[in-house]
Structures are given as structure tokens and as C-alpha cells.
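> Quick one: this structure, given as C-alpha cells, is what I'll be asking you about.
The values are calculated or read from the model by the stated rules, or taken from the named source; none is laboratory data. Remember, it's a predicted structure, so these values are computed and weren't measured experimentally. Cβ sites come from the backbone with ideal geometry, for glycine too, and all protein chains shown count toward neighbours.
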Amino acid sequence: MKEIARDVAQTVRQWATSPRLLAAGIAVGTLLSAGACQSLLSALSTRAEYKPKSHKTVQMQGSQRLWAGDMNFHISPPDDPKRIRRSFNESVEMLSKSELDFVFITPQIPARFWDSVEQFERVRRDWQSLQATMSSMSDKLPLMMVGAEYVDDKNGSATIIGVDLPKALNEVSRDDLRANPTAFINLLWMRGALVFLNTPLATPLKAPVDSPQRYSSIDRSWKPLTKPSAGYPKDILAIHNLYDGMEAYNVQISVWRDQYVQGDPTASLAAVMSRLDLEIIRKKRRLIPIGGSNSRGRSLRPTIYIAAPERTPEALRQGLTNGRVCVRSPLPCGLRVFADAQPVAAGVGDHIVAQQHIDIRWEGGEGELFRNAESLGTFDGRTLQATSRSECHIYRLVVDGGFSAPFYVNCPQLAAARP
């Protein structure tokens, strides 16, 4: 895997510096975009995808268990069949073999779908049908929860989970939504929905060769973050004002934008995590990183790990809102934090009160510790950090290619998670 990734990344860098090879790269890219080598592209993508270790080896505390899942899985119907490279039955079969504990199914909803009678009725009908179908499936499958990906091709997309979408739409009329475009987002959020910005910093890169979906060369970022302005649609501004977190790890972005173009498979992930830290500090509220495969073909693997006492929608939601999360690899979720000389450890997502120091320990070898978006350096399984009751700090750990959500030290305003 590393050899293929290195060769492709080196080739792309050569194309970028040679006009002759650049022209060849563009020609090859045109053929690939036309579908001439779809199998080759699929093989390159699959071989380059990170393969995490089993989460079952990670030691958790108390009644907590670690559950492996994915938060960006597409299925047709209701997704557009032209964009999904498998049938509904093939999707179900792939889920049955995935060894995931849970999956959020997130078919796409076009932004401002209420402008069209047909689209409005389709969303109400198709999401209700999908929920009924998923709930009737075998218990041998992962726990499947239906959400949505709200997509504005010009401004970005957001994942919406944790709410009964058809039921919410029965509480509001199409005319209400047309008169007040923020009503849809506000209603879902008040009903308990969690909203996450997808690929928030994925601005376009110059790439002679790209996937047919153009994960490198199209601007997939959340524009209110990358191009701040007051001129966005009201529904997009509503999402921007109340979002609960960001999709920090997206498999396709990691492969095509980061690995094959930048030569660093965690470039976007690291950038989003740092931005998330800064937004937590600026907004003075918790924000959660999530992971998604953006699976539309034959590939599916864990992208996010949530600590919860049981595998139920309610327990996983609580684990998520409390930030008991890590992405890409499960190992950072096993970190333990001891405040001063206290014998009881805290973990990822916890708020910790410490007078003098915190003792941070983890398994998996050398890890990098971040505080307030800045690296404190690398440590081999343990580090002692000085604290002050008057200073709020946000910490997180990177180990084994995985990134933990933050834990908070002496931050009373960040102690409570969203209910």
C-alpha cells in the first residue's frame, strides 16, 4: 500500500513540475474521468485507504466499550443511482460483511428542496420508506441509523443525524419553509438533530490526475469557513451558526486529495482538527470531530470510534455529544488522564479539574500531544503537563495515525455537553 501511494504521489509531483508530463497527466486524467480505467482507479483508491487495527483490543474504562462505525454511507434508493456504484441489495450485503458496529446512512438531500413540490414529497416519502426498510433488516447487520447529507453544490454540505426526518417534515408545511428558509434547520436542531460540516477545508488543488468524482480539483469546502461572507443563503447560515462539529476524516479526501496529491494522507485531517480546536475556543462551546467513508462503491471500513456502554442509538448519541470519539484509528480512545494525584482516570471528551498537573497515558507507542491547536511534541506513552486553575486548555492526542477528540482541562464553560 505504501509503495503504491508513494509511487503515485511521486508521479503527481513530477507532473506538476514538468510541462510535458503535465500534458500527459491531463490526457490520462481525461480518460480516467470518462470511465476508461474505472477499475484501475478503484484499485488505487482501495489500496491507499488506511486500514485501522481492531478496536476490540483497546482497553476502555468502567462500563464504556468502544464501537466502530461510519458516518457517511450512501445507498440507492433514495440516493441518485447514477452516483452509487452498487444496488440496494449489494449495499446491504456489503454492510453485512463490514464488521462495523454501527453506520449512519446519509442519502443526499438537495439544499432548499422545498422549492420543488416533487422534491419535497420525494424526501418525505423516500426517507420514511428507507427508515422502515432499515428497521426491518436482520440483526446480523450493523446498527443502522438513517440521517441525511444536506448538499448545496456551491456552498458545501452537512451531515444531519439523530432526528426522525419524515416526522419533522410533517410538522411544517412547504409554504412555511419557502417563507422562512431557516425553519428546516432550526426545527431539526430543536428536535435533537446533530449537524456536522462535511469536508470543511477541502479547497481545490491542482492535480493532473483525479478520480471521476474529482475529490482533489473541486472545491468541496464549507464556504462560510473558507470564504467568510454574509452573502450566503439563509439555510446555509443557519447551519453555520449551530453546527455541532466537523467531518475531520473523509476517506476519499484522504486518498485523492491528501495521499496522491500532497503525499500526506492526514493533511486534511490534521488541518480540520486544528481548526476545530480554534473554533471551540472562539465559540466557547464543544465541537465534535467525526469520520466518514463517503462510500458509494465497494469499499467500507471504520472511520470513527465512539465510546458508549451499549450499542443503541441513544447511547451512541450520548457518546458522540460527549466527545468520546476518535477518528481513523481506535488507539487514541484508550488514553487515560489523571488529575494531580487522583487515582481515577478521565478520558477523551471529559472535563478535568486539575490544580497542578495532569498525567496523560496511552498505549500504542509514540504519540503527539496537542494543546489549543499547537503541538507540544511527541511522547512515548506518557507525559506530565503542568496546569493552572485559571487557564483553560484543550488537549488531544494523535497516535497510530488516529486522532482523538479533545478533552478539556479547567474549562468550566466547556464542561457540559449538548443534551
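> What number of residues within the stretch 358-371 satisfy the criterion of being more than 15 Å from Ala270 (Cβ to Cβ), modelled with pLDDT of 95 or more and buried (at least 17 other Cβ atoms within 10 Å of the Cβ)?
Matching residues across the stretch 358-371 total 4.
> Counting only residues that are surrounded by fewer than 15 Cβ atoms within 10 Å (Cβ to Cβ), closer than 30 Å to Tyr260 by Cβ and in contact with a strand residue (DSSP E or B) (Cβ under 9 Å, 6 or more places away or on another chain), how many does the stretch 58-90 have?
2
> For the stretch 379-392, give me each residue that is part of a strand (DSSP E or B) and more than 20 Å from Gly334 (Cα to Cα).
Ala386
> Check the stretch 300-310 and report whether any residue there is farther than 21 Å from Ala158 by Cα and aromatic (Phe, Trp, Tyr).
Within the stretch 300-310, not a single residue is farther than 21 Å from Ala158 by Cα and aromatic (Phe, Trp, Tyr).
> Is it the case, given these coordinates, that Ser87 is touching a residue at least 40 places away in the same chain (Cβ under 8 Å) and polar (S, T, N, Q)?
Spelling it out, it is not the case that Ser87 is touching a residue at least 40 places away in the same chain (Cβ under 8 Å) and polar (S, T, N, Q).
> Criterion first (free of Cβ contacts under 8 Å to residues at least 24 places away in the same chain and either closer than 20 Å to Ala315 by Cβ or in the same structural domain as Gly292 (by TED's automatic domain parsing) (or both)) does Glu99 satisfy it?
So Glu99 fails the test.
> Being touching a residue at least 12 places away in the same chain (Cβ under 8 Å) and outside any helix (DSSP H, G or I) narrows it down to one of Ser329, Ser274, Ser268, so name that one.
Among Ser329, Ser274, Ser268, only Ser329 is touching a residue at least 12 places away in the same chain (Cβ under 8 Å) and outside any helix (DSSP H, G or I).
> For the stretch 362-394, how many residues meet the condition of being in contact with a Lys or Arg (Cβ under 9 Å, 6 or more places away or on another chain), more than 19 Å from Leu320 (Cβ to Cβ) and either in contact (Cβ under 8 Å) with a residue 24 or more places away in the chain or not charged (D, E, K, R) (or both)?
10
> Hey, any hits in the stretch 162-181 for a residue that's within 19 Å of the chain's Cα centre (by Cα) and either surrounded by 15 or more Cβ atoms within 10 Å (Cβ to Cβ) or farther than 20 Å from Arg418 by Cβ (or both)?
Yes, because at least one residue in the stretch 162-181 is within 19 Å of the chain's Cα centre (by Cα) and either surrounded by 15 or more Cβ atoms within 10 Å (Cβ to Cβ) or farther than 20 Å from Arg418 by Cβ (or both).
> If you don't mind, another one. For Ser157, which of the numbered conditions (1) crowded, with 18+ Cβ neighbours inside 10 Å; (2) of a type in the set (Ser, Thr, Tyr); (3) farther than 28 Å from Leu320 by Cα fails to hold?
Just one mismatch for Ser157, condition (3).
> All but one of (1) out of contact with any Gly (no Cβ under 8 Å at 6 or more places or on another chain); (2) in contact (Cβ under 8 Å) with a residue 12 or more places away in the chain; (3) among the hydrophobic types (A, V, I, L, M, F, W, C); (4) buried (at least 17 other Cβ atoms within 10 Å of the Cβ) hold for Phe113, so report the exception by its number.
(2)
> With respect to Ser299, determine if the residue is at pLDDT below 95, touching a helix residue (DSSP H, G or I) at 6+ places or on another chain (Cβ under 6 Å) and crowded, with 24+ Cβ neighbours inside 10 Å.
no
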